[in-house]
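Presented below is the structure to which this report refers.
The values are calculated or read from the model by the stated rules, or taken from the named source; none is laboratory data. Source: prediction; values computed, not measured. Here the Cβ is made from the backbone with ideal geometry for all residues, glycine too, and neighbour counts use every protein chain on show.
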Amino acid sequence: MGKEYFAHESAVIDNGCEIGKGTKIWHFSHVMKDAVIGEGCNIGQNVVISPGVILGNNVKVQNNVSVYTGVICEDDVFLGPSMVFTNIINPRSAIIRRDMYLPTIVKKGASVGANATVICGNTIGEYALIGAGAVITRDVKPYALVVGNPARQTGWVSEYGHKLTFGKDGVATCPESGQQYKYEQDTVTRIF
């Protein structure tokens, strides 16, 4: 049975990985053993997907990203160009710490901007938007907009990535989708 994904001839696909139907893997990328990539993903140029990484369906990994062991990206995640994951808090060249990788989870629909850095052991909530160049040093709430180094929350965004403005009733409407969101107790949830 033939493969149901596309891999450019310069890509390296190790035995023992799983790649879903309709996924595209571009120039000079490397998918390592035991990696799992869902359906309909797009893996840009010069990307490394390390052993044990899990990417859900419709994940977009832009050029020059290394997704290291310990990272899980749920469905519809966007990883911007040259963004960085880590998997060890205190790396040293002379000390082997492969059994100390800390898990990092990027939840459904979240986007990580170009050149951002995600320090291991953190969770990025559903539909959060991480600004370009931000450095994530702690968990990010669902729908949060975070920027800077270290990253700090500056607002909330819709599932379409638009900044939300809440009325006195604590409700905001996405200008593109018409979806409504409720803000209460420092949490945002979609209500319509």
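Within the range 77-90, residues that are at pLDDT 95 or above reach partners that are of a type in the set (Phe, Trp, Tyr) with beta carbons closer than 8 Å, at six or more positions or on different chains, in the pairs 85/68; 86/68; 87/68; 87/101; 88/101.
How about the range 36-66: which of its residues are surrounded by 17 or more Cβ atoms within 10 Å (Cβ to Cβ), of a type in the set (A, V, I, L, M) and under 19 Å from residue 107 (Cβ atoms)? Once the filter is applied, which keeps residues that are surrounded by 17 or more Cβ atoms within 10 Å (Cβ to Cβ), of a type in the set (A, V, I, L, M) and under 19 Å from residue 107 (Cβ atoms), the range 36-66 yields 37, 49, 53, 54, 55, 59, 61, 65. The single condition from (1) under 27 Å from residue 21 (Cα atoms); (2) in contact (Cβ under 8 Å) with a residue 24 or more places away in the chain; (3) surrounded by fewer than 21 Cβ atoms within 10 Å (Cβ to Cβ); (4) β-branched (Val, Ile, Thr) that residue 71 fails is (3).
Exactly one residue out of 138, 98 is within 18 Å of residue 153 (Cβ to Cβ) and of a type in the set (Lys, Arg): that is 138. Looking at residue 86, is it β-branched (Val, Ile, Thr), over 18 Å from residue 59 (Cα atoms), surrounded by 18 or more Cβ atoms within 10 Å (Cβ to Cβ) and in contact with a Phe, Trp or Tyr (Cβ under 8 Å, 6 or more places away or on another chain)? So residue 86 fits the description; yes.
When you go through 83, 32 one by one, which is the residue that is of a type outside the set (Ser, Thr, Tyr), touching a strand residue (DSSP E or B) at 6+ places or on another chain (Cβ under 8 Å) and more than 22 Å from residue 131 (Cα to Cα)? It would help to see each step written out before you state the result.
Working: 83 fails: more than 22 Å from residue 131 (Cα to Cα).
Selected residue: 32, the only one of 83, 32 that is of a type outside the set (Ser, Thr, Tyr), touching a strand residue (DSSP E or B) at 6+ places or on another chain (Cβ under 8 Å) and more than 22 Å from residue 131 (Cα to Cα).
Residues of the range 123-140 that are assigned to a strand (DSSP E or B) and of a type in the set (Ser, Thr, Tyr): 123 alone. For the range 155-185, a residue qualifies if it is over 21 Å from residue 111 (Cβ atoms), of a type in the set (D, E, K, R) and either out of contact with any strand residue (DSSP E or B) (no Cβ under 9 Å at 6 or more places or on another chain) or assigned to a loop (DSSP other than H, G, I, E, B) (or both), and the qualifying residues are 168, 169, 184. The sole residue among 10, 29 that is among the small types (Gly, Ala, Ser), surrounded by fewer than 18 Cβ atoms within 10 Å (Cβ to Cβ) and modelled with pLDDT of 95 or more is 10. The residues of the range 89-122 that are outside any loop (DSSP other than H, G, I, E, B), of a type in the set (A, V, I, L, M, F, W, C) and in contact with a strand residue (DSSP E or B) (Cβ under 7 Å, 6 or more places away or on another chain), listed by number, are 105, 106, 112, 118.
Restricting to the range 144-174, name every residue that is of a type in the set (Ser, Thr, Tyr), within 15 Å of residue 187 (Cα to Cα) and touching an Asp or Glu at 6+ places or on another chain (Cβ under 8 Å). Please lay out each step first, then the result.
We begin by selecting, within the range 144-174, every residue of a type in the set (Ser, Thr, Tyr); these are 154, 158, 160, 165, 173.
Adding the requirement that they be within 15 Å of residue 187 (Cα to Cα) leaves 154, 158, 165.
Matches in the range 144-174: 158 only.
Every listed requirement among (1) at pLDDT 95 or above; (2) out of contact with any Asp or Glu (no Cβ under 8 Å at 6 or more places or on another chain) is met by residue 123 save one, (2).
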